[in-house]
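The values are calculated or read from the model by the stated rules, or taken from the named source; none is laboratory data. These numbers come from a predicted model, not from an experiment. As a convention, Cβ positions derive from the backbone with ideal geometry for all residues, glycine included, and neighbour counts pool all protein chains shown. Remember, those area values only see protein heavy atoms, side chains included, never the ligands or the DNA or RNA. Shrake-Rupley method; radii C 1.70, N 1.55, O 1.52, S 1.80 Å.
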Amino acid sequence: MAKTIAQINEKIKAGSVVVVTAEEFTAMARTKEPGQLAQEVDVVTTATFGPMCSSGAVINFGHWNPGIRMEDITLNDVPVYQGLAAVDGYIGATAESKYDCQYGGAHVIEDLIAGKELRLHARGKGTDCYPTKEIDTYINKDVVNEFYLFDPRNAYQNYGAATNSTSKIKYTYMGCLLPSFGNVTYSTSGELSPLLNDPYLRTIGLGTRIFLGGTQGYVVWNGTQFNTAKERNSHGIPLGGGATLAVIGDAKEMSTEFIRAAYYEKYGVSMFVGLGIPIPVLDDDMAGRLAISNSEIETYVFDYGVDGHPAVGKVNYAELQSGKIELNGKKVKTAPLSSLSVARDIADTLCGWIKDGRFLLSEPVARFPMDSSVEPLRQRRAGQDASEGAER
Amino acid sequence: MKKRFALRFAPGLVEQPLVSKLVRAYDVDVNILNADVSSGRGGKLIVDLVGRTEAIKQSVSWLGGIGVVVSEIVKELVFNQDSCVSCGGCTAVCSSGALQMDREWKLVYDASKCVVCGLCVNACPLRLFELSMERGA
């Protein structure tokens, strides 16, 4: 019999909810049918902890006296986006310090979360209502008004694995790729990953309450590059890319255990974001989706040594997680880039919050579009039809 | 055996005949690879000490006793494991098997397998590896 989210929340409040992690659920599904699991389990927690470049934070610095209209802002020499009123700023995770390319927006965010003091410098042109032209001071997360994470694209549903056919090492956002197909890197938590457990986003939508960076956050839109037109396998899993989420949460309440700055050699700064989503086991269909196992989740292996990154193979996550895959008839070493051990901590933490009655599930306010595709940026004349002159 | 050391000393020790003392009293051969010594400013010597293990040990101990700061020059990997999130990025480039994921997907580092190739230094997105050239002797 189908359950509703309201019924599950009643069970959470009564302390009788049954919640397991997606890995535990998949293990249970080896011996039990989806129908039985839908009866026995109410909520399945999913999680991921990987580098997510499209992340950042909104900060309201508070007004200076006499006022300044901040038009050029840095935090520890990292540029902060200034085009938001007088004292609002947005610090993007991949922004780089003017003087140290290995320190960037992600480090600023991590340092603020850690409670550190950061140097704030700002200039304004000086106006009748905001006469101050320059300030140089220190802030921490307790002295600013708001400091919240707003990530335009997190939780990629699936992602292609990477390799390198050339004779030279390639330093990429997919890690160090050794020459001559010397290794393959991949970056999802497989059967524990949120959007692989609800591939058509039946239960995850606008307003869904989630675990974000160690505290409660929310899904606030579909992520950018949201793609539901991606080729899917027989289990409904998109083969690469796919859906994404825009998320928000109070960074003042977050922990550096679940938000960590990263620097990828010869690429730049990124940020590990810890994200977990509880999925209600509403019915047999959801139970079937949640039973997905690593061997059923497939992705392509792309050659980052060649322009356009052509696919050179197709693998599943059981193979990737085994440490070796076969590529062009040869065994190639594989390595993860997202931390499965931290993802497991997140899934367990979320289980605990729900069991303790501290976290209630939310009904999506609206579902995300299921007819969305991603287009490249093309050279075009003003007014030119989008399909005209398309190369592919 | 042969070991390489950096010897740093204060201005007061410049007048001491360190090298000949080592040769005569401890029976070690001293090969000076680099010397930066000046009166009134102190100095630094990079030396190879060649001799019996015990003799080298006594030499180092005597040098330390008279106030020379001695550090052994060894190339080794220093890993700040406390800050590691076990992403696994370093395992992509570690062919010696020193860096591996265990069954729980935690990173394990086995220093005895490390060949100090240094590839993990740039592969770690948290920059937790360093190649060290000296260690206190």
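Looking only at residues that are under 22 Å from A:Gly323 (Cα atoms) and free of Cβ contacts under 8 Å to residues at least 24 places away in the same chain in segment A:144-178, which one is nearest to the other protein chains (Cβ to nearest Cβ)?
The qualifying residue nearest to the other protein chains (Cβ to nearest Cβ) is A:Leu178.
Among the residues of segment A:130-145, which ones are under 9 Å from A:Arg69 (Cα atoms) and either in a loop (DSSP other than H, G, I, E, B) or open to solvent by less than 60 Å² (accessible area, probe 1.4 Å) (or both)?
A:Tyr130, A:Thr132, A:Lys133
For the structure I just gave you, tell me whether B:Arg135 is surrounded by 12 or more Cβ atoms within 10 Å (Cβ to Cβ), outside any helix (DSSP H, G or I) and among the basic types (Lys, Arg).
Here the answer is no, as B:Arg135 does not meet what is asked.
Please work out which residue is most open to solvent (accessible area, probe 1.4 Å), limiting yourself to segment B:1-42 and to residues that are among the small types (Gly, Ala, Ser) and part of a strand (DSSP E or B).
Among them, the one singled out is B:Ala35.
Does A:Tyr81 satisfy being among the aromatic types (Phe, Trp, Tyr), under 25 Å from the mean Cα position of the chain (by Cα) and farther than 26 Å from A:Thr203 by Cβ?
yes
Please tell me if B:Ser39 is within 14 Å of chain A (Cβ to nearest Cβ) and either over 22 Å from the mean Cα position of the chain (by Cα) or closer than 29 Å to A:Gly213 by Cβ (or both).
Against the criterion (within 14 Å of chain A (Cβ to nearest Cβ) and either over 22 Å from the mean Cα position of the chain (by Cα) or closer than 29 Å to A:Gly213 by Cβ (or both)), B:Ser39 does not qualify.
Of all residues in segment A:77-114 being in contact with a Ser or Thr (Cβ under 6 Å, 6 or more places away or on another chain) and either without any contact (Cβ under 8 Å) to a residue 60 or more places away in the chain or farther than 15 Å from A:Gly56 by Cβ (or both), which is least open to solvent (accessible area, probe 1.4 Å)?
A:Val78
Could you figure out which of (1) touching a residue at least 60 places away in the same chain (Cβ under 8 Å); (2) open to solvent by 40 Å² or more (accessible area, probe 1.4 Å) isn't true of B:Val60?
Result: B:Val60 fails condition (2) only.
Testing A:Ser234 on (1) assigned to a loop (DSSP other than H, G, I, E, B); (2) closer than 20 Å to A:Thr46 by Cβ, one condition comes back false. Which one is that?
Unmet for A:Ser234, out of (1) assigned to a loop (DSSP other than H, G, I, E, B); (2) closer than 20 Å to A:Thr46 by Cβ: (2).
Please work out which one of (1) modelled with pLDDT of 95 or more; (2) open to solvent by less than 40 Å² (accessible area, probe 1.4 Å); (3) of a type outside the set (Val, Ile, Thr); (4) at positive phi is the condition B:Arg127 fails and give its number.
Evaluating B:Arg127 over (1) modelled with pLDDT of 95 or more; (2) open to solvent by less than 40 Å² (accessible area, probe 1.4 Å); (3) of a type outside the set (Val, Ile, Thr); (4) at positive phi leaves (2) as the failure.
Considering every residue within segment B:73-94, establish whether at least one is more than 30 Å from A:Tyr173 (Cα to Cα), surrounded by fewer than 16 Cβ atoms within 10 Å (Cβ to Cβ) and in contact with a strand residue (DSSP E or B) (Cβ under 8 Å, 6 or more places away or on another chain).
Looking through segment B:73-94, at least one residue is more than 30 Å from A:Tyr173 (Cα to Cα), surrounded by fewer than 16 Cβ atoms within 10 Å (Cβ to Cβ) and in contact with a strand residue (DSSP E or B) (Cβ under 8 Å, 6 or more places away or on another chain).
Which of the residues that make up segment B:99-118 are open to solvent by 60 Å² or more (accessible area, probe 1.4 Å), within 12 Å of chain A (Cβ to nearest Cβ) and touching a residue at least 12 places away in the same chain (Cβ under 8 Å)?
Within segment B:99-118, B:Lys106, B:Cys117 meet the criteria.
Give the residue that is farthest from the other protein chains (Cβ to nearest Cβ), with candidates limited to residues of segment A:214-238 that are of a type in the set (A, V, I, L, M, F, W, C) and open to solvent by 10 Å² or more (accessible area, probe 1.4 Å).
A:Ala229
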